[in-house]
Structures are given as C-alpha cells and as structure tokens.
1. Measure off 7 Å from each Cα along the Cα-to-Cβ vector at residue 390 and residue 85, then give the distance between these two points in nanometres to one decimal.
2. Work out the charge dipole of region 197-258 with +1 on the Cβ of Lys and Arg and -1 on the Cβ of Asp and Glu about the Cα centre, then indicate which of 235, 257, 203 is farthest towards its positive end.
3. If a/c stays under 1.5 just call it rounded; otherwise compare a/b with b/c (prolate if a/b is bigger, oblate if not). Do that for region 107-243, with a ≥ b ≥ c from the square roots of the Cα gyration tensor eigenvalues.
4. Assign unit charges at the C-beta atoms only (+1 for Lys and Arg, -1 for Asp and Glu), then state the dipole size of region 378-433 relative to its Cα centre in Debye, rounded to the nearest 20.
5. Rank by packing, highest mean first: peptides 303-312, 268-277, with packing defined as the count of other Cβ atoms within 10 Å averaged across residues.
6. Ignoring ligands, DNA and RNA, what accessible area per residue does region 291-412 give at 1.4 Å, in Å²?
7. At a probe radius of 1.4 Å, what is the per-residue accessible area of residue 95, in Å² to the nearest 10?
8. Rounded to the nearest 0.05, what FRET efficiency do residue 131 and residue 367 give with R0 = 22 Å and r taken as the Cβ-Cβ distance? Could you check?
Amino acid sequence: MPFRAILSTVVVALSAEAAAADIAVRGPRQTAPDVAVLQNGRYAAPAVAQTSEVPQVTEIAANSGYDAWLAAFHGRAVSQGISEATLQRAFAGATYLPDVVKKDRNQSEFTKTLWDYLDSAASDARVKNGKDALRKYAKTLDAIEAKYGVEKEVVAAIWGLESAYGTFRGDIDIISALSTLAFDGRRGQFFEGQLVAALKILQAGDVAPRNMTGSWAGAMGHTQFIPTSYLDYAVDFTGDGRRDIWGEDPSDALASTAAYLARFGWVKGMPWGVEVKLPEGFDYTQSNRRIEKMPSDWARMGITDMNGHAVRDFGTASILLPAGAQGAAFMIFKNFSVIERYNTADAYVIGVGHLSDRLMGGPKIQSDWPRGDRALTFVERQEMQERLTDAGFSTKGIDGRIGPNTIDAVRDYQRSKGLIPDGYPSLRLLERLR
C-alpha cells in the first residue's frame, strides 16, 4: 500500500500532486473488486476504466539482454549483503515478463471521477463484505486495535480497498516482476531497490521465493506492501517468527497496516474527516489545505456537520472541496494526512475514510456530486495548466497532475473572472479558458 513512487493503475481525477513519495506500502492503484458473492471459487475481476492517453505499446523488446543484466545485477546484490544461496533460490524460477513492461508503460490514466471511485470503494457489497470480515476476524482485529491504537474499521477499510479483504492479492511472481522492471530501465533504479529489498525478505526466511507473489509492480499481500515498506514496517503479530503478509491468515498483514499508520501519527478517536455543510456566502478561498482552524472556529463561520451541529474539537482541521462548490465538503483532520502516507490520492483517502465510517455504521455521503461532469484526460489537464500559465496564472509546471499549485492557479483565475473560487478544474473551466 504505501508506495509514493509507483504510478497507479486506477488513479482518480483528483489525485494529489505528490504521487512520488514513499507512500508506505502500496503498489499500483487498483481498487480491488467489490463483488459480494464468490462465484466458482473466485471473485470477478474489477472493472477498470482504460484510456488511450498513453500510446499503447504493441511490441516489447525481447529479453535478449535480461540474462546479461542479471549477471551484472548479481554483483550489485552481493555487495548489498545478498548471499549466493539466496540469489540461486530467488532466480531459479524467475523469468522476464513482457506483460509487466506493457502494464508499466500503458497504465490507465486518471479516468474515474471521484464519485465513480467512491461508488466502488464504499459500495454496498464492499461494506457488507467488510462487516463480514470484521465479524470473522473480530478477535484478531480487536487485539490489533488495542496494541496499535488504530480503529479496526480503518484497518479493514484499507484491506477492503487493497485486496477485497484478501480475495484479490495478486499472483505475479515478485522476483520476476521486479527484475523485469529493473532491467527495462524506465524506472530502473527504483525497481532495483525494490528487488534488493525483496531478496532481503527471502533471505530472512519470511516467505519462499515462488510464494512471494503480488501485483505486477511489486505490491504484496493482503494490504499490498512494497518490499522496502515491508522491511521497514511489517510486523510478526502471530509470533511465529515470520512476517507473513501473503498467506491465508491476514493477521500479520493487518497488524502491519495498523503499525504503519501508528508510526505516522494516527490519533485514535479522531476522524479522518467529517462531511459538512457550508453556509451561504462562504468564502471559498478558505477551502485550502494550508488553512487550519479548530472546528469550533469553523462553526463560528457557519460550518456545521450534516445535522446542523458544530463538529467536535478533535483538533485543527481544513476544509476540502474535492469536487468544487457543487460537490460534498469535508472538514479534514490529521488522520487524513496519515492515510495519505499510504496513498496520496485524495480519492483514495476519502475512500478509505468513508468505507471505515460505513463499517462503523455511518451513513453514505449525503451531498450531491456534479455527476454530469467527467474527468479531464491527461492531455486536457496539461492543456489547462498551459492555458492558465499563459493567462498569467502559473501552475509551476505542465505535468498533467492536479495538485496544490494547479488548484491555486485555478482559484486565482476564477477569482479574476468573478467565478466561485473553489479551485475545481472542471471541463467547463477548460472550455472557458479556450
């Protein structure tokens, strides 16, 4: 799960600009399927919107240089403490995987709107399955919550989004996938680092080489840790001497997720966020992650929960409008940023948070969404950045990522035109810029 540098396979239109940090554990951004019924021994594959924004690769170079690369890598691995025996065992059944290279080069772009993502992330089926999982593993999850101070529903929500509660963990050989990506070279240094970490895991005896499976980009187990995050944060909760995140028993994986969140400052009893009502005449320039106030201060400005009550003073909070003035508004707290360490996309954080609320018995998001809007394509996002910059509202780069700099530029442009300055980069705004 935490994994800041690997791009997602299912990223959402409003993902944060910082998609390149060590978000602790994650691999490719794909929300696991949320089917409620197991059919013929397996769950249906997730419906993932694809795009043709990135040129499709029809031919991938053969593995003619793979063996030579492995020979060179051998020395680098030994110099980092990997034994000859480990290398022999790890690569005995490994192979070059051209499909992994295709997936790396042709990852789907930000093709889902936030509301479409949330429809899947916190679907009735996923909520039902999550409540079933909470009952089935109640003793384990209660013990994890007691030890790490992270609510069991939050841990279960991450489990639900990452692997559909363990039913969609990935079956690709990790050594083959990481060596393929390291050899391919596009992000070779990063993937070689992950490969060395994977070899250290094998050397420690936590898993057998061919049982080390996961996603094509190296994320592993029930809650999709990448190798470096596993080394840093995985725990042996069962006490059997191994940190087993791959097996049928999810205990170590769930505890590792809780330990990760605790490590980055999770505050038990504090919400990730609360859906709120904004008053008429609200100053939309206040909806900024950099502006923090106590909920009682926001209440004095007319911001209440959906029942019209002031939000409790859990701590300082910001106002987030992920779909602009026409969508839901949230008062977000420190725990929002902690979940962000797992994945920086706002949609993922809201998905985890909202699913956890539903697992606690909370309601669905009550506000409407601008469902008539569609997500901007990668090219359209670049065009918006270019047009904003040309109009004198610099986005500080043309990279197709909608982050704080672009949102600030959108807000400044909106204010200059007498529009609601909510920072929402909609298709209508792009058409106006044209």
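1. Calculated label separation equals 6.5 nm.
2. 203
3. Oblate shape, in that a/c is at least 1.5 and b/c is the bigger or equal ratio.
4. 160
5. 268-277, 303-312
6. Accessible surface, normalised per residue, equals 40 Å².
7. 70
8. On the way: r = 24 Å, r/R0 = 1.10.
In this case the efficiency is close to 0.35.
The values are calculated or read from the model by the stated rules, or taken from the named source; none is laboratory data. Predicted model, so just to flag it, every value in this text is computed and none were measured. Every residue, glycine among them, receives a Cβ derived from its backbone with ideal geometry; neighbour counts consider all protein chains shown. The accessibility values were calculated without ligands, DNA or RNA, using every heavy atom of the protein model including side chains. Shrake-Rupley method; radii C 1.70, N 1.55, O 1.52, S 1.80 Å.
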